[in-house]
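Take a look at the structure below.
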Amino acid sequence: PYLFRGPRPRLTLARNRVAYGGRLRATVPGAADLREINMLRPGATTHAFNCEQRLLGLEYNVDAPDRVTLTFPRGRNLAPPGWYLVFAISADGVPSVGRFVRLG
């Protein structure tokens, strides 16, 4: 039902790789109205157990009406290296389409 609360944010990342503690620019129209930006590690399920499941909030700064700078985690303990989906969440709780980024 959350998809009926308003339009989905559009998220475009400047590149698809980032280092630990690195910054990454992203284009998000209406950036000032975002609730949060998260990264989600895709699952790796085996024997009905998903040991890869992670959802981390990203720090971000709004640089312009349609641009943000994301700051990624500094350490491997919180976010192991690999691929993550990044989502922008609107003030109404509507997520963007996820964009893959490789951390590490």
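The values are calculated or read from the model by the stated rules, or taken from the named source; none is laboratory data. Given the structure is predicted, the values throughout are model-derived calculations rather than measurements. Cβ coordinates were reconstructed from backbone atoms using ideal geometry, including for glycine residues, and neighbour counts include every protein chain displayed. Surface areas here come from the heavy atoms of the whole protein model, side chains and all, with no ligands, DNA or RNA. Shrake-Rupley method; radii C 1.70, N 1.55, O 1.52, S 1.80 Å.
Stretching residue 92 away from residue 4 to a fully extended chain increases their span by 30.7 nm, per 0.36 nm per residue minus the current alpha-carbon distance.
Roughly to the nearest percent, how much of the accessible area of the chain is carbon and sulfur, given a 1.4 Å probe? Roughly 51 percent, rounded to a whole number.
Around the Cα centre of segment 25-104, unit charges on the Cβ atoms of Lys, Arg, Asp and Glu (plus for the first two, minus for the last two) sum to a dipole of about 380 debye. Globularity index of the chain is 1.08 (Cα radius of gyration / 2.2 N^0.38 Å, N = number of residues).
What separates the Cα centres of segment 81-96 and segment 15-29 is a distance of 13 Å.
The simple spin-label model puts a point 7 Å past each Cα toward its Cβ; for residue 63 and residue 14 those points are separated by 0.4 nm. Computed with every protein chain present, the accessible area of residue 8 is close to 110 Å² [probe 1.4 Å].
Using the 1.4 Å probe convention, the accessible area of the chain works out to 62 Å² per residue with neighbouring protein chains retained. For segment 1-53, chymotrypsin sites (Phe, Trp or Tyr not before Pro) meeting the loop criterion (DSSP other than H, G, I, E, B) and having at most 14 other Cβ atoms within 10 Å: 20.
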